[in-house]
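Colleague: One structure, as structure tokens, below. Some questions next.
The values are calculated or read from the model by the stated rules, or taken from the named source; none is laboratory data. Only a predicted model underlies this, so the values are computations on that prediction, with no experimental measurement involved. Cβ placement follows ideal geometry from the backbone for every residue including glycine, while neighbour counts extend to all protein chains displayed.
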Amino acid sequence: MGTNMYTWGKDKLFQTLRIGPSKLSIDAVLDDAMLTGGWMGVAPGAWDRFDPGPDAVEGLSLMRNHLLDMGGYDAGETPIRLILRATGVPVSILDVGIKVLDRTTPPGGDYVAYEGQGADEAIYIAYNLDEDQPVGLEQFGDYHDQPYFDSHTVNLQEGASQIFRLTVTSSRDAVTWQLKITAGIGDDVKHFLVPEDPTKAYKTAPSPAPESTQPYWRWWGSWLGGDPYNQKWVVS
């Protein structure tokens with residue numbers, strides 16, 4: 001019987017789930033994905049221009065944590081860099097899905113955003129939270145926009161790993177959700193929820209509509225000097 005260990009690290013963005021001492025490790029990393037792909041959040045009310053400090057990674061982590069503590073959501077999409085590694089025996093990844101915990105009306109507060117810096121090589125899968133049961137659709141390759149795990153099984157030999165770039169979007173509701181990973185380990189099929197604790201689940205709401213007049217704060221990083229925020233308005 002393996003020991004489950006869940007850690008947030010120094011903040012809520014780096015989530016690590018270790019399943020057993022020698023079977024499968026699961027890393028769901030938001031801060032790296034957000035730095036490369038960009039990020040936007042929506043607050044429940046007015047944004048208080050929280051000072052994230054001079055460090056890019058830590059500042060982005062602190063800013064997003066502050067927004068979530070206010071009751072906010074990721075806006076438009078939640079970008080995740082998922083790393084699965086077989087740590088003792090061969091593992092077959094049969095599915096990476098979504099478990100929806102809650103749907104509610106999106107918050108009507110200010111938006112805050114960080115501009116991305118690039119991309120990397122990985123398996124790219126997209127999920128639409130507007131669907132009752134979101135399914136991961138392949139974003140590149142021969143099966144573009146087809147359910148990825150209908151035609152693929154990711155087989156990991158001992159010590160091998162695979163990186164997935166997951167983009168989880170919502171254009172209608174404010175959704176609270178977890179990743180649900182299905183893996184074949186030996187003769188058993190196991191299901192793992194990320195994060196394990198539903199109170200730390202991901203939260204995604206729609207991005208601003210073209211006719212929105214909600215304030216939209218773009219964050220550039222205070223390490224550039226001066227005011228790290230540049231406000232623009234999204235208007236028709």
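Colleague: Scanning segment 131-140 for residues that are surrounded by 14 or more Cβ atoms within 10 Å (Cβ to Cβ) and modelled with pLDDT of 90 or more, which turns out nearest to TRP177 (Cα to Cα)?
Modeller: So, considering only residues that are surrounded by 14 or more Cβ atoms within 10 Å (Cβ to Cβ) and modelled with pLDDT of 90 or more, the one nearest to TRP177 (Cα to Cα) is PRO134.
Colleague: If a residue has to be β-branched (Val, Ile, Thr) and over 14 Å from the mean Cα position of the chain (by Cα) to count, how many in segment 142-180 make the cut?
Modeller: So the count comes out to 2.
Colleague: I've got another one for you. Considering only segment 184-221, state which residues are surrounded by 16 or more Cβ atoms within 10 Å (Cβ to Cβ), of a type in the set (Gly, Ala, Ser), modelled with pLDDT under 95 and on the phi < 0 side of the Ramachandran plot.
Modeller: ALA201, SER207, SER212
Colleague: Go through segment 141-178 residue by residue and tally those that are closer than 11 Å to ALA126 by Cβ and exposed (fewer than 12 other Cβ atoms within 10 Å of the Cβ).
Modeller: Residues flagged as closer than 11 Å to ALA126 by Cβ and exposed (fewer than 12 other Cβ atoms within 10 Å of the Cβ) within segment 141-178 amount to 2.
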